[in-house]
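Right, one structure below, let's go through it.
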Amino acid sequence: MTASPGPRPRMLVAGVGNIFLADDAFGPHVVQALASRPLPAPVRVRDFGIRGLDLAYELLDGYDTAVL
């Protein structure tokens, strides 16, 4: 008898940075690069730019892992 694997972990990849400052836009560029790639279902990729409060509320949604 094998146990069911249970719910899959959820991961958030959050792009953080200002697209108008070339040295500060690493996060949005990563999000743009990942947009064209197939990702597993529990992975959510989102560009937050400089909206830190939006990111804070998103993190309250119960992710197992967050990559900023």
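The values are calculated or read from the model by the stated rules, or taken from the named source; none is laboratory data. Being a predicted model, the structure only gives us computed values, none of them experimental. Glycine gets a Cβ as well: all are built from the backbone with ideal geometry, and neighbour counts include every protein chain shown. Ligands, DNA and RNA are stripped out before the accessible areas are found, and what is left, the full protein with its side chains, is counted by its heavy atoms. Shrake-Rupley method; radii C 1.70, N 1.55, O 1.52, S 1.80 Å.
A compact table of results
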| item | result |
| --- | --- |
| Filter result (of a type in the set (D, E, K, R) and open to solvent by 50 Å² or more (accessible area, probe 1.4 Å)) within segment 48-68 | R51, D54, D61, D64 |
| Residue tally, condition in a loop (DSSP other than H, G, I, E, B) and surrounded by 15 or more Cβ atoms within 10 Å (Cβ to Cβ), over segment 10-47 | 4 |
